[in-house]
Amino acid sequence: MKCPGIRKQFGKGIEVAPEGSRIQLAPGNYAEAIDLGTRNLEIIGNRADPASTTLETPGMNMTVVTIAGGQDASTLIAGVLIENGISSTPEPGFPANSVGGGLYIDGASPVIEDCIVGTNQATRGGGAYLRFSESVFRRTIFE
């Protein structure tokens, strides 16, 4: 169940989390852009009900989750709904295009599992844009 009136934030946790940390999210809506920087982190919601934990950037014209710092398969995004991203991230080499409304993965190979990638917008790769990536998607639904 989504809680549209409740907004939570955990971005400060990402900013200070040491390499290899696990960030466990309580159910709710998290309205903020998430950038993992260069760290391998685990961000875990509710694997049994990913729609109960929403990561979104409504009205912000930003990618919801950016993983572009050389992360490997120890980086995990699991059990979340990623939606309402409207990318302003320019496509490398084609700056007139925006890419990766929901997920922007460049030069990284995280694992995305038990997630739902909902309505997101970009010129290319509205749900997810991957470049120089060997990302693994398991049990993830793109709507």
HN-Hα couplings for the range 93-108 via Karplus (6.51, -1.76, 1.60; θ = phi - 60°), in whole Hz with x for Gly/Pro, come out as x, 9, x, 6, 9, 9, 9, x, x, x, 10, 10, 10, 9, x, 9
Under 20 Å by backbone N from the virtual spin label 7 Å along Cα-to-Cβ at ALA73, the residues of the range 33-59 are 39-44
Unit-weight point scatterers at every alpha-carbon of the chain, Debye formula, q = 0.16, 0.21 1/Å: log10 I(q)/I(0) is -0.74, -1.35
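Fully extended, how many nm does the chain gain between ASN61 and THR123 (0.36 nm per residue separation, minus their Cα-Cα distance)? It would help to have the intermediate numbers written out before the result.
Working: separation 62, 0.36 × 62 = 22.32 nm, distance 1.26 nm.
Taking ASN61 through THR123 to full extension adds about 21.1 nm, to one decimal.
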Short to long, in 10 Å steps from zero, the percent of alpha-carbon pairs of the range 77-143 per bin is 25, 53, 22, 1
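At 222 nm, what helix-only mean residue ellipticity would the chain give, in deg cm²/dmol to the nearest 500, using -39500 (n - 2.57) for each DSSP H run of four or more?
Details: 1 runs with 6 residues, N = 143.
Calculated from helices alone, the mean residue ellipticity at 222 nm is -1000 deg cm²/dmol.
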Percent relative contact order for the chain, counting Cα pairs under 8 Å at least six residues apart, stands at 20 percent
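Please report, in debye to the nearest 20, how large the charge dipole of the chain is about its Cα centre when each Lys and Arg carries +1 at its beta carbon and each Asp and Glu carries -1 there. Let's see the in-between values first.
Numbers: 11 positive and 15 negative charges, 47 e Å.
Roughly 220 debye for the chain.
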Compactness summary of the range 6-81: radius of gyration and Dmax from Cα atoms, Å, are 11.7, 33
Residues whose built amide H sits under 5 Å from the amide H of PHE137, excluding neighbours closer than 5 in sequence, are ILE112
Quick calc: nm separation of the 7 Å Cα→Cβ label points for SER21 and PHE132 -> 2.7 nm
Filtering trypsin sites (Lys or Arg not before Pro) in the range 69-143 by DSSP loop and by at most 14 other Cβ atoms within 10 Å leaves ARG139
One computes Rg over Rh for the range 44-113 from alpha-carbon atoms, with the Kirkwood Rh, and obtains 1.01
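Every number here is computed from the coordinates shown, using simple stated rules; none is lab data. The structure presented is a predicted model; accordingly, all values stated were derived computationally and were not measured. All Cβ positions, glycine included, derive from the backbone under ideal geometry; neighbour counts span all protein chains shown.
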